[in-house]
Amino acid sequence: MRRLLSALGLLVLCTSCAMFQGKGTARSRGKLDFEAIIQNAKSKVFPSLVFVKPIREEYSTGEKTQQEVFGSGVIISPDGYVVTNNHVVENAIQIYCVLFDKEQYPATIVGLDPETDLALLKLAPYPDERSLEASSDAPTTPPATIFPAASFGNSESLTEGQFVMALGSPFGFTRSISLGIISNVHRYIGFQTRYKYNTWIQTDAAINPGNSGGPLVNTDGEIIGINTLGLSGIGEGMAFSIPSNVVVKVVERLKKDGRVIRAWTGLHLQALKDFHSNTFTPAKRGVLVQNVESASPSERSGIRPGDIMIALAGHDLRGGTYVEELPSIRWQLADLAIDDPVEIRVLRNGGERSFTILPALKGKFEGEDFDCRRWNFTVKEISKYATPKLYFHRRKGVYIQGVRYPGNARSAGLQRNDIILTIDHEPIRTLGEVKDVYEKVTGDEEREKKVVIKVLRNNYPRLFVLDYRFDYNEED
């Protein structure tokens with residue numbers, strides 16, 4: 001009996017060993033398979049990764065300066081179109097891109113869309129050191145480069161938990177890759193940011209400064225997003241990418257028009273069930289009109305805050321119950337034909353009402369800049385999109401963007417975000433008027449080196465005497 005029990009014990013022990021070994025083999029094989037998938041996906045996109053090096057003009061310090069920054073991008077066509085973020089290349093006067101083979105190519109801006117933070121670049125056909133030679137008609141001109149391009153995947157097919165890779169150039173390192181999963185496929189961050197035309201892919205793959213503009217890639221080696229935002233000091237493992245379907249739509253328009261043409265209706269929308277503000281509207285369909293801009297097409301038509309929009313251009317409105325559905329409705333409004341009458345139906349006091357609006361062309365997102373160098377401050381046009389708080393006080397005007405330290409403007413008491421009302425008693429409403437007065441005043445060698453500037457600060461007018469006898473620029 002003891003021999004039988006011993007034999008059975010030995011059999012169980014051997015079987016257990018065999019089972020353990022089998023699991024270990026499967027585990028090892030699974031690891032190798034996963035690594036092969038990752039390597040295969042990386043190999044499809046890594047050659048198209050671009051290290052973007054813009055040289056841009058900055059005005060925020062109170063003087064016009066040039067600064068070299070860095071970011072990432074991805075080549076999307078063999079003829080050299082590159083997608084990156086708007087905030088990487090905005091105000092750039094020169095752009096260079098370093099490719100996988102360490103060749104550096106000049107690039108030009110095809111188009112910018114600040115409202116989705118996307119930009120489209122075009123690489124020169126020859127590396128930087130050969131660009132002069134290639135521009136000549138000499139028979140030795142080398143053939144144009146065929147660039148390695150990555151392809152887009154369908155961001156609508158994503159699900160939480162999928163593995164993804166973030167490619168880019170964090171902190172200026174030219175090539176990097178981080179691995180993570182998709183945490184949320186339709187994250188709405190319009191409450192915290194100005195970006196209101198799309199939801200975002202949230203991932204825990206590391207996205208650091210310099211990763212901006214690089215691709216988010218699935219395990220099939222397809223671009224499913226453009227890395228844009230990373231949270232530092234707030235939460236760990238939270239980063240956001242623009243979905244590829246949005247990128248494709250914007251790229252097509254940038255290629256065609258150099259910008260995304262949008263209609264302006266003046267409507268500000270809110271979801272019927274807004275958990276962020278804990279506001280719940282007792283309606284089963286449509287979207288709440290939260291606010292209507294003054295003198296906008298919607299206000300002129302008679303639409304009011306509190307109306308519930310239920311139909312647009314003869315079609316029932318889909319979505320609007322939750323915040324994640326707001327971006328698609330904003331796209332529909334933005335895509336309305338400019339100056340072409342369109343019907344909007346709303347619910348008001350339990351009944352339906354119809355209004356006809358005439359959408360206008362949405363204005364510039366950013367205003368122009370100017371450096372009042374002798375006075376040591378820079379100015380910028382007020383924009384209702386980029387500076388809505390200043391626009392509330394003055395719809396057309398110029399404000400002080402930056403004040404140099406040390407400098408004459410700082411000594412006089414002028415501050416950033418002061419809205420300029422007059423300079424030398426001349427009314428100021430446009431950037432051109434600032435330039436004219438500045439050139440007239442500083443060009444007059446006979447006058448005393450002082451100028452009176454009237455500004456609006458915190459909605460109160462204030463007068464300052466700017467003494468510019470001392471030239472701080474001589475110290476540069």
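See the values below:
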item	result
Region 328-341, subset in contact (Cβ under 8 Å) with a residue 60 or more places away in the chain and touching a strand residue (DSSP E or B) at 6+ places or on another chain (Cβ under 9 Å), residue surrounded by the fewest Cβ atoms within 10 Å (Cβ to Cβ)	ALA337
Residue within region 176-196 that is out of contact with any Cys (no Cβ under 8 Å at 6 or more places or on another chain), under 21 Å from PRO54 (Cβ atoms) and among the polar types (S, T, N, Q) present	yes
Enumeration of residues in region 162-217 that are more than 22 Å from PHE70 (Cβ to Cβ), of a type in the set (A, V, I, L, M, F, W, C) and touching a Gly at 6+ places or on another chain (Cβ under 9 Å)	PHE163, VAL164, ILE181, ILE182, TRP200, ILE201
Some residue of region 30-46 being in contact with a Gly (Cβ under 9 Å, 6 or more places away or on another chain), over 30 Å from TRP375 (Cα atoms) and either at pLDDT 95 or above or in a strand (DSSP E or B) (or both)	no
Some residue of region 380-387 being among the acidic types (Asp, Glu), under 27 Å from TRP264 (Cβ atoms), in contact with a helix residue (DSSP H, G or I) (Cβ under 8 Å, 6 or more places away or on another chain) and in contact (Cβ under 8 Å) with a residue 40 or more places away in the chain	yes
Considering residues of region 277-320 that are more than 24 Å from ARG253 (Cβ to Cβ), in a loop (DSSP other than H, G, I, E, B) and of a type in the set (Lys, Arg) only, the residue farthest from the chain's Cα centre (by Cα)	LYS284
Strands (runs of 3 or more DSSP E) lying entirely in region 165-225 (those with 2 or more residues that are at pLDDT 95 or above, under 20 Å from the mean Cα position of the chain (by Cα) and surrounded by fewer than 17 Cβ atoms within 10 Å (Cβ to Cβ))	none
Residue match in region 376-385 (condition: surrounded by 16 or more Cβ atoms within 10 Å (Cβ to Cβ), hydrophobic (A, V, I, L, M, F, W, C) and in the same structural domain as VAL287 (by TED's automatic domain parsing))	no
Qualifying residue in region 417-434 (condition: touching a residue at least 24 places away in the same chain (Cβ under 8 Å), buried (at least 16 other Cβ atoms within 10 Å of the Cβ), part of a loop (DSSP other than H, G, I, E, B) and among the aliphatic types (A, V, I, L, M))	yes
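The values are calculated or read from the model by the stated rules, or taken from the named source; none is laboratory data. Just so it is clear, the structure is predicted and the values come from calculations on it, not from any experiment. Reconstructed Cβ throughout: ideal geometry from the backbone, glycine too, with neighbour counts over all protein chains shown.
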